[in-house]
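Participant: Please read through the structure below; I'll follow up with questions.
The values are calculated or read from the model by the stated rules, or taken from the named source; none is laboratory data. Since the structure is predicted, the reported quantities are computational estimates derived from the model, not experimental observations. All accessible areas refer to the heavy atoms of the entire protein, side chains included, with ligands and DNA or RNA removed. Shrake-Rupley method; radii C 1.70, N 1.55, O 1.52, S 1.80 Å.
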Amino acid sequence: MESLSATDDRKTAAPDHDILDIFAERWSPRAFSDQRVEPEKIRRMLEAARWTMSSYNEQPWRYIVASRHDDPETYETVLTCLAEGNQAWAENAPVLMLGLYKKAFSRNDTSNRAAPHDLGAASAALTFQATAMDLYVHQMAGIKQEVIREAFDVPSDFEPMTGLAVGYLGAPEQLSEKMQASEQSQRSRKSLRDFAFGSTWDSPTSIVVDE
């Protein structure tokens, strides 16, 4: 299936305040083209993750990466590590990744409470780099942690956290009717007042009240 035009703006956000276009253009599709993702683009995504900030510069993130076109055997293994509901659509994505984090600091072996946050930050950087290259990323919490541990011999001090499907945009018609509706629905977000607080919890900061 051919990829759709990168200029397709059916899911482009309409923000209340001026932000970079890349933030408005990023969204998480389930319909992917089977077009091969160039290895150089995958490397650039991972390079963006590499330069993400982290607590004490620990860089606790790790990624298992598989391209269906370049490493079909590993790709199939990664696919089995996703929850069944995610497998149903993610099998169309040409690249699958698994995100893991190291649970303790390397410098003193104490618990790194920020490690999941840092993995998320790295995955966000990876995602926006993908957006800049006309690629799309759909991150998933629905993974099989024990299957991942066994399939990839993951050390006990690492925690499997997420799955990521990567590729060029595909046609919604390849999805189930229920997923098609979600794929084509308008994006929405909470207002700034819902999460930016001031002097008391759940009370919006004056910065957003007085806008």
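Participant: Hey, which lysines would be in cross-link range of Lys190, C-alpha to C-alpha under 26 Å, not counting anything within fewer than 8 residues on its own chain?
Facilitator: Lys11, Lys178
Participant: Based on C-alpha coordinates, I'd like the Rg and Dmax of the stretch 82-146, in Å.
Facilitator: Gyration radius and largest Cα-Cα distance of the stretch 82-146: 14.3, 42 Å.
Participant: Leaving out ligands and nucleic acids, and using a 1.4 Å probe, what accessible area per residue does the chain come to in Å²? Please report the intermediate quantities before stating the final value.
Facilitator: On the way: 11910 Å² over 211 residues.
So the chain comes to 56 Å² accessible per residue, rounded to a whole number.
Participant: Is the shape of the stretch 120-211 best called rounded, prolate or oblate, per the rule: a/c under 1.5 gives rounded, else a/b larger than b/c gives prolate, else oblate, with a ≥ b ≥ c the square roots of the Cα gyration tensor eigenvalues? Spell out each step's value before the answer.
Facilitator: On the way: a/c = 2.21, a/b = 1.35, b/c = 1.64.
It is oblate, given that a/c is not under 1.5 and a/b is not larger than b/c.
Participant: With all protein chains present, how much of the accessible area of the stretch 43-88 (probe radius 1.4 Å) comes from carbon and sulfur, to the nearest whole percent? Please list the in-between numbers first.
Facilitator: Numbers: 1350 of 2660 Å².
That fraction is 51 percent.
Participant: Taking all protein chains as present, what is the carbon and sulfur share of the accessible area of the stretch 145-198, in % to the nearest whole number, probe 1.4 Å? All intermediate terms of the calculation are to be shown ahead of the outcome.
Facilitator: On the way: 1630 of 3340 Å².
Result for the stretch 145-198: 49 percent of the exposed heavy-atom area is carbon or sulfur.
Participant: Once you keep just the Cα pairs under 8 angstrom separated by 6 or more residues, what percentage relative contact order results for the chain?
Facilitator: Across the chain, relative contact order equals 28 percent.
Participant: While we're looking at this one, here's another question. Less than 20 Å apart at the alpha-carbon level, and either on another chain or at least 8 residues along: which lysines does that give for Lys102?
Facilitator: Lys102 reaches Lys144.
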